[in-house]
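Structure first, then comments.
The values are calculated or read from the model by the stated rules, or taken from the named source; none is laboratory data. Note that the structure is predicted; figures quoted are calculated from it, not measured. When we count neighbours, we look across all protein chains shown, and the Cβ atoms used for this are built from the backbone with ideal geometry, even at glycine. Please note that ligands, DNA and RNA were not included when accessible areas were found on the heavy atoms of the full protein model with its side chains. Shrake-Rupley method; radii C 1.70, N 1.55, O 1.52, S 1.80 Å.
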Amino acid sequence: MYDQAETLRQLSAQTNVPPQSSPARVIAITSGKGGVGKTNLAVNVGLALARMGVRTGVLDADLGMGNVDIVLGVVPQFNLSHVIYGQKRMKDILVEGPESMKILAGCSGLYELANLSQWRLQRLTNALGELDDQLDILLIDTGAGISRNVLSFLLSVQEVIVITTNEPTSITDTYGLIKVLNQSNPNCKVSLVVNMVRNQREAEGVCRKLNMVVEKFLHTQLDYLGYMPFDDAVARSVQQQKPILQAYPYSPAARAIAQMAAAICERPRPASGGIREIFARMVQLFSR
Ligand SMILES: Nc1ncnc2c1ncn2[C@@H]1O[C@H](COP(=O)(O)OP(=O)(O)OP(=O)(O)O)[C@@H](O)[C@H]1O
Ligand SMILES: [Mg+2]
């Protein structure tokens, strides 16, 4: 007796159509306070995922700051604006990063959503939707804080990684961000990464501290994804414009990043989503 999957495989073999794959998983990487390690995490987790055979893209949505290109030493010539105005196709603006990881520059294109005509927004959504077939995971490196631009990503996605350090200002801003997320996008899965700590014990202490207030006031729990130790190799790799996974693969920070990438793969992905769906939602938010 054939099961449904077998029937589908036979059908697709007969018609030469590849079996339909699920849309890409989209994870926004963000923080309450700036300078806590978002871009380094996005690029290096992206690289670690690519090494595991996951087709990974990193969208540099830190508008106007151009962070990912600096960390990677890869300068994308075109960005989403070129797609919105019909000058380029999506495949022309995707830059091949190290080890087949894909880099996508958001730049000013995403600032302009509120002023775009409906058909331009549709063109953007369609173009981004093409990426669902090409990628398994899209990581979005957002800016820090809760400006309208960052919020539009955070309210549209179903998975967010929030990075904090152990500094009181960072912890306070992290709580503020989680509160907004919890109130405005309650179904979103929020994971915590603690950066620049001495060891796992310190990281877990930060997570406990945050979870105490999150449980008390927001009646939910943060999911701890992992930590990155303070490691001079990170700054040296940034100087060299090489991801730490390539420049210092045996450093404590690189090992911690590889563990986080594995943890991401092990977690169940949200049932629905995908790049097209998420950007369609974002466009709706902007056109209100
Ligand atoms: N684990 C670490 N150990 C030591 N230094 C680190 C670590 N993580 C990040 N840094 C340093 O902190 C600085 C900021 O990192 P990064 O640019 O990734 O942060 P960001 O959150 O993206 O900043 P922004 O908010 O400005 O976009 C970098 O110069 C980097 O070298
Ligand atoms: Mg950054």
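For the set K189/K216; K209/K242; K33/K209; K91/K179, the pairs lying more than 26 angstrom apart at their alpha carbons are K209/K242; K91/K179. Along each principal axis, taking the top coordinate minus the bottom one, the Cα set of the stretch 212-263 gives 43, 21, 15 Å in descending order. Once the chain from S272 to R201 is taken as fully extended at 0.36 nm per residue, the excess over their C-alpha distance is 22.1 nm.
Charges at C-beta only: +1 for Lys and Arg, -1 for Asp and Glu. How large is the resulting dipole of the chain about its Cα centre, in Debye rounded to 20?
Magnitude of the dipole: close to 340 debye.
When the solvent-accessible area of the stretch 178-266 is split by element, carbon and sulfur atoms take up 49 percent of it, the probe being 1.4 Å. Across all directions, the average flat footprint of the convex hull enclosing the Cα atoms of the chain is 17.0 nm². Of R25, R55, the order by accessible heavy-atom surface (1.4 Å probe, DNA, RNA and ligands excluded), from most exposed downward, is R55, R25.
What is the extension gain from S22 to R255, computed as 0.36 nm multiplied by their sequence separation minus the C-alpha to C-alpha distance, in nm to one decimal? Walk me through the numbers before you get to the answer.
On the way: separation 233, 0.36 × 233 = 83.88 nm, distance 2.95 nm.
Stretched out fully, the S22 to R255 stretch lengthens by 80.9 nm.
Taking A263, A127, A203 as the candidate residues, the one with maximal mean-square fluctuation in a Gaussian network model of the chain, Cα springs under 10 Å, is A263.
Under a Gaussian network description of the chain, with springs only between Cα atoms under 10 Å, the residue in K33, K91, K216 that fluctuates furthest is K216. DSSP bridge analysis restricted to the chain gives an antiparallel fraction near 5%, rounded to the nearest 5.
What separates the Cα centres of the stretch 258-288 and the stretch 206-228 is a distance of 21 Å. With runs of 4+ DSSP H residues as the only contributors, calculate the mean residue ellipticity of the chain at 222 nm using -39,500 (n - 2.57) per run, divided by the residue total and rounded to the nearest 500. Roughly -14000 deg cm²/dmol at 222 nm, from the helical runs in the chain. Ligands, DNA and RNA aside, T169 has an accessible area near 70 Å² when probed at 1.4 Å. Only protein heavy atoms count here; under a 1.4 Å probe, F230 has an accessible surface of about 130 Å². Heavy-atom accessible surface of the chain, averaged per residue, reaches 48 Å², computed with a 1.4 Å probe.
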